[in-house]
Structures are given as C-alpha cells and as structure tokens.
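Engineer: If you scroll down you'll find the structure; I have some questions about it.
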C-alpha cells in the first residue's frame, strides 16, 4: 500500500510505501502465554542474579516488562527497569538466557564497552557466538 504525502515548501507529491501489517500487542496474546513467559523470565533473572552474586557481584532491578517490540530483544533503562521482547518465547534456551544476562549486565555497565563484555563472559564465555546467532534471527 502506498500513501501520498506533500512536501511543505514545494507542494511536490511524494509516494511512500506503508506497511499494512498490524503489530500485535502483548495483550493480544493469551494470558497463559504471557504468564508462562513472565515466570520463565523471572526464574532466569533470579538464577543469574545468584550466579553473579557467587562472583561478588550484586544485581538489583526495579520493574520487569514484556513487550512486543519489533527491533530489540531486550533493553535496560537508567531507572533499572528491564524490558524483554515477547518473541523471546520462541528462542532456544541458551539464546533466551543470553538476552537475560545481557540486560542484567547493563544494570552495571550501560554501554557495550570492554567491562560490559567481561561481565557477560562470566555467564557466557562464548558470548560472541550467541550474539552473532541472535543477530542473524529476524523478527
């Protein structure tokens, strides 16, 4: 489907392709699916919190949200809120866990610098393979 737009200054017509696909909201999925994913995420967060604690690293977060995002598997805000993509439910467990660890490490390092990757490597020494595998998966 195409829409016609007009440039303000020249009044020229511009044709832009517009997607007709509607993105589903998490609320469009069954409550059982969402609750199962929420429980799995919380279980894995607690598991990796314990693992990092054994290495002398304390991890605390505020809110955990599940969203149906189109470009991100997860995110961590500077308010220490963790967000995860509903589509994670379709991933193999190792990739699922890598996303959990990745976002947990952002609680301590909000960038992708050397120190961040050192934190990730505590749980996943082979994180480069997981990272490239995850990048190759299309939403």
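The values are calculated or read from the model by the stated rules, or taken from the named source; none is laboratory data. Here the structure is a predicted model, which is why all the values come from computation and not from measurement. Every residue, glycine among them, receives a Cβ derived from its backbone with ideal geometry; neighbour counts consider all protein chains shown.
Engineer: Is one or more of the residues making up segment 18-27 at pLDDT 95 or above and part of a helix (DSSP H, G or I)? Break it down stepwise before answering.
Structural biologist: Start the filter on segment 18-27 by keeping residues that are at pLDDT 95 or above, which leaves none.
Within segment 18-27 (the criterion being at pLDDT 95 or above and part of a helix (DSSP H, G or I)), the answer is no, since none of the residues qualifies.
Engineer: Determine which single condition residue 136 fails, assuming it passes every other condition in (1) at pLDDT below 95; (2) closer than 27 Å to residue 35 by Cα.
Structural biologist: (2)
Engineer: Exactly one condition in (1) in contact (Cβ under 8 Å) with a residue 12 or more places away in the chain; (2) closer than 22 Å to residue 55 by Cα; (3) surrounded by fewer than 17 Cβ atoms within 10 Å (Cβ to Cβ) is false for residue 121; which is it?
Structural biologist: (1)
Engineer: How many of the residues making up segment 73-93 are farther than 17 Å from residue 39 by Cα and loosely packed, with under 13 Cβ neighbours inside 10 Å?
Structural biologist: Looking only at that region, the number is 2.
Engineer: Is one or more of the residues making up segment 105-114 under 14 Å from residue 48 (Cα atoms), part of a helix (DSSP H, G or I) and either at pLDDT below 95 or in contact with a strand residue (DSSP E or B) (Cβ under 9 Å, 6 or more places away or on another chain) (or both)?
Structural biologist: Taking every residue of segment 105-114 in turn, at least one turns out to be under 14 Å from residue 48 (Cα atoms), part of a helix (DSSP H, G or I) and either at pLDDT below 95 or in contact with a strand residue (DSSP E or B) (Cβ under 9 Å, 6 or more places away or on another chain) (or both).
Engineer: Can you name the residue in segment 66-80 that is over 15 Å from residue 107 (Cβ atoms) and not in a loop (DSSP other than H, G, I, E, B) and, of all such residues, is modelled with the lowest pLDDT?
Structural biologist: The residue in question is 67.
Engineer: In addition: So which residues in segment 28-62 are part of a loop (DSSP other than H, G, I, E, B), at pLDDT below 95 and loosely packed, with under 11 Cβ neighbours inside 10 Å, if there are any at all?
Structural biologist: Going through segment 28-62, the residues part of a loop (DSSP other than H, G, I, E, B) turn out to be 29-30, 55-62.
Now restrict to residues that are at pLDDT below 95: 29-30.
30, the sole residue that qualifies.
Engineer: Any residue in segment 86-98 that is more than 14 Å from residue 120 (Cα to Cα) sitting within a Cβ distance under 7 Å of a residue that is not in a helix (DSSP H, G or I)? List the pairs, counting only those 6 or more apart or interchain.
Structural biologist: 86/29; 86/66; 86/67; 86/68; 87/139; 88/73
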